[in-house]
1. Could you check the stretch 59-75 and list, in sequence order, the residues that are more than 18 Å from Glu28 (Cα to Cα) and at pLDDT 95 or above?
2. Of everything in the stretch 76-88, what is among the β-branched types (Val, Ile, Thr) and under 22 Å from Leu24 (Cα atoms)? Give them in sequence order.
3. Could you please let me know if Glu38 is at pLDDT below 95 and loosely packed, with under 13 Cβ neighbours inside 10 Å?
4. How do the helices (runs of 4 or more DSSP H) wholly within the stretch 8-88 filter down when requiring 1 or more residues that are among the hydrophobic types (A, V, I, L, M, F, W, C), within 9 Å of the ligand (Cβ to nearest atom) and in contact (Cβ under 8 Å) with a residue 24 or more places away in the chain: which remain?
5. Is it the case, given these coordinates, that Met23 is surrounded by fewer than 17 Cβ atoms within 10 Å (Cβ to Cβ) and in contact with a Ser or Thr (Cβ under 6 Å, 6 or more places away or on another chain)?
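The values are calculated or read from the model by the stated rules, or taken from the named source; none is laboratory data. What you see is a predicted model; the values in this text were computed from it and never measured. Note: ideal-geometry Cβ built from the backbone for every residue, glycine included; neighbour counts use all protein chains shown.
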Amino acid sequence: MVKTFCKSCTESVIVPDDILEDMLLDAEKRGVQMVSTERYEARLNQCQNCPSLQYGTTCMHNGALIRYKAKMLDGTCPCPTGSKWIGA
Ligand code: SF4
């Protein structure tokens with residue numbers, strides 16, 4: 001299957017690793033509480049297997065970059081049928 005991408009959208013949802021790292025470091029400096037690496041990986045695994053993940057980066061329900069949002073202690077999964085991050 002050929003995937004087609006919107007150029008405008010991909011510029012905002014495809015975030016290079018170094019930018020993402022900067023975003024996480026900035027959040028850490030601001031004192032944002034974050035989850036453990038194990039919990040982060042568990043959340044990302046749920047997202048990777050979720051049909052609501054778009055572009056491999058973004059949750060279609062809230063537009064969040066999952067590699068950023070999943071690191072936040074207060075981050076939530078907005079799945080309409082219930083959080084897929086329960087226990088993660
Ligand atoms: S619905 Fe939940 S599990 Fe699915 S991509 Fe969004 S945050 Fe991830």
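1. Scanning the stretch 59-75 gives Cys59, Met60, His61.
2. Scanning the stretch 76-88 gives a single hit, Thr76.
3. So Glu38 fails the test.
4. Counting at least 1 such residues, we get 37-48.
5. no
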